Structures are given as structure tokens and as C-alpha cells.
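Participant: Here you go, one structure.
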Amino acid sequence: MSTLNGSNVDELNQLIEAVQLDPARAERNPNLTAHWVGGSRSRVEFNNFIAYVGGDDELKPMQMLLASLATCHVNNIVLHASLMSLTIETLSVETTGHFNVRSYLGLQDAPGSGYDSIEYTIRARIPDATPEQLERLRRRVEYGSPVGDSLARPVRMEMKFEA
């Protein structure tokens, strides 16, 4: 087993080969449920995993959205650096965004309550990477981030409200 940057490179290559043979193997359709715990705190369940969002001691939903973007970029860089046989010494993604809560508060004539701008800075120390490899990693993050892609384009949403 070949492991680099905490990634099993052999398994990654096997997955890539399997998806090349059968593109349907790349499809994902996660289903999770958020349960109100109290106040603004929710318990999120996905398979056997539980996370808490909101409340006094947890990330708020909009912070979690930025965290999702940052961690998706981290995962993307680790994946591709590992496939390129590059050792990462340090890696961080700092994100910031601006949004307005007037609509969230129910005020009339308010702008949408989502982010209207997001910026992020990737800081990586990958000593053996050439400038070309670093550019390839940059392009992979820009093109291959599922969270970044979801935020960068309109996504169809459908709400069902059962009371």
C-alpha cells in the first residue's frame, strides 16, 4: 500500500481507473438530516456520523459553509499532490466572506441573505513541487472542488415544507 500525505494512493488510482471505465461510479447523492436541539443549535446526522452546527459553542451555518469550501480545497490539494507524488509539509486555506442578515431577520426590501462575496487564500509548503506542478494544483482546486463549483453556479433547489 502506497500512502502519501495521509492518502492511500493505490486506492485513489483504483478509484480513478474504475470511474474511467464506469463514469456512474463518480455519482454521489448524500442524504443528511439536521435536527433542532434548542436555540440555534442543530444536530446533523449522516450515516453513523453526527456533527453539531449553531449555538454558542459551534460554528454557525454560514461559517460552516466557508469551512466546507476550505476543507474541500484542502482535500482536493492533498488528493492531487499525493497522485503527483508530492509531499505536503504544511497546508491551510483561509476563507472570508460577506453577507447581510436583514432578509434572515425578516426585514422588508432586504437583499438576499447569502454570501455576496467569498475570498480564500491557499497557503501550501510543498518543497519538491515545480512551478508547473503548483500551477496544476491551483487549477485542480479551481476546477475540481465540488463545494467551490456548487457555490460558483446556480444550483436547483426544491423545498418541501411539511408541518
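The values are calculated or read from the model by the stated rules, or taken from the named source; none is laboratory data. Being a predicted model, the structure only gives us computed values, none of them experimental. A quick note on method: Cβ atoms are made from the backbone with ideal geometry, for glycine too, and the neighbour counts reach across all protein chains shown.
Participant: Kindly list the number of the only condition in (1) surrounded by fewer than 13 Cβ atoms within 10 Å (Cβ to Cβ); (2) touching a residue at least 12 places away in the same chain (Cβ under 8 Å); (3) more than 28 Å from residue 30 (Cβ to Cβ); (4) not polar (S, T, N, Q) that fails for residue 129.
Facilitator: The failed condition is (1).
Participant: In addition: Do we have residue 105 as over 19 Å from residue 152 (Cα atoms), among the aliphatic types (A, V, I, L, M) and within 14 Å of the chain's Cα centre (by Cα) here?
Facilitator: Values: over 19 Å from residue 152 (Cα atoms): yes; among the aliphatic types (A, V, I, L, M): yes; within 14 Å of the chain's Cα centre (by Cα): no.
No; evaluated as a whole, the condition is false for this residue.
Participant: Tell me yes or no: at least one residue of the stretch 30-45 is without any contact (Cβ under 8 Å) to a residue 12 or more places away in the chain and closer than 27 Å to residue 122 by Cβ.
Facilitator: no
Participant: Right, something else. Exactly one condition in (1) surrounded by fewer than 11 Cβ atoms within 10 Å (Cβ to Cβ); (2) under 29 Å from residue 83 (Cα atoms) is false for residue 39; which is it?
Facilitator: With (1) surrounded by fewer than 11 Cβ atoms within 10 Å (Cβ to Cβ); (2) under 29 Å from residue 83 (Cα atoms) applied to residue 39, the lone miss is (2).
Participant: Looking at the stretch 95-109, is at least one residue small (Gly, Ala, Ser), more than 19 Å from residue 75 (Cα to Cα) and in contact with a Leu (Cβ under 6 Å, 6 or more places away or on another chain)? Break it down stepwise before answering.
Facilitator: So in the stretch 95-109, the residues small (Gly, Ala, Ser) come out as 97, 103, 106.
Pick out the ones that are also more than 19 Å from residue 75 (Cα to Cα) and you get 97, 103, 106.
Okay, now just the ones that are also in contact with a Leu (Cβ under 6 Å, 6 or more places away or on another chain), so 97.
Scanning the stretch 95-109 turns up at least one residue that is small (Gly, Ala, Ser), more than 19 Å from residue 75 (Cα to Cα) and in contact with a Leu (Cβ under 6 Å, 6 or more places away or on another chain).
Participant: Does the stretch 54-100 hold any residues that are out of contact with any Phe, Trp or Tyr (no Cβ under 7 Å at 6 or more places or on another chain), small (Gly, Ala, Ser) and closer than 18 Å to residue 140 by Cβ, and which are they?
Facilitator: If the condition is that a residue be out of contact with any Phe, Trp or Tyr (no Cβ under 7 Å at 6 or more places or on another chain), small (Gly, Ala, Ser) and closer than 18 Å to residue 140 by Cβ, then 68, 81, 82, 85, 92 are the ones that fit.
Participant: Sticking with this structure for a sec: Run down 119, 89 and say which single residue is exposed (fewer than 11 other Cβ atoms within 10 Å of the Cβ) and under 23 Å from residue 2 (Cβ atoms).
Facilitator: Values: 119 fails: under 23 Å from residue 2 (Cβ atoms).
Among 119, 89, only 89 is exposed (fewer than 11 other Cβ atoms within 10 Å of the Cβ) and under 23 Å from residue 2 (Cβ atoms).
Participant: Pick from the stretch 16-35 the residues that are among the small types (Gly, Ala, Ser) and either in contact with a Lys or Arg (Cβ under 6 Å, 6 or more places away or on another chain) or not in a helix (DSSP H, G or I) (or both): which of them is modelled with the highest pLDDT?
Facilitator: Going residue by residue through the stretch 16-35, those that are among the small types (Gly, Ala, Ser) are 18, 24, 26, 34.
Filter once more, so that each one left must be either in contact with a Lys or Arg (Cβ under 6 Å, 6 or more places away or on another chain) or not in a helix (DSSP H, G or I) (or both): 18, 34.
Details: 18: 90, 34: 96.
It comes out as 34.
Participant: Oh, and also: Please tell me if residue 53 is within 23 Å of residue 114 (Cα to Cα) and surrounded by 13 or more Cβ atoms within 10 Å (Cβ to Cβ). I'd like the intermediate steps shown before the answer.
Facilitator: Details: within 23 Å of residue 114 (Cα to Cα): yes; surrounded by 13 or more Cβ atoms within 10 Å (Cβ to Cβ): yes.
When the stated conditions are applied, residue 53 passes them.
Participant: Under 25 Å from residue 60 (Cβ atoms) and within 17 Å of the chain's Cα centre (by Cα): which single residue out of 146, 111 fits that description? Don't jump to the end; show me each part of the working.
Facilitator: On the way: 111 fails: within 17 Å of the chain's Cα centre (by Cα).
Unique residue meeting the criteria: 146.
Participant: Still on this structure, I have one more. Where the second residue is not in a loop (DSSP other than H, G, I, E, B) and the first is farther than 30 Å from residue 8 by Cβ and lies in the stretch 86-108, which pairs have Cβ atoms under 7 Å and are six or more apart or on separate chains?
Facilitator: Within 7 Å, the pairs are 96/119; 97/66; 97/117; 97/118; 98/117; 99/62.
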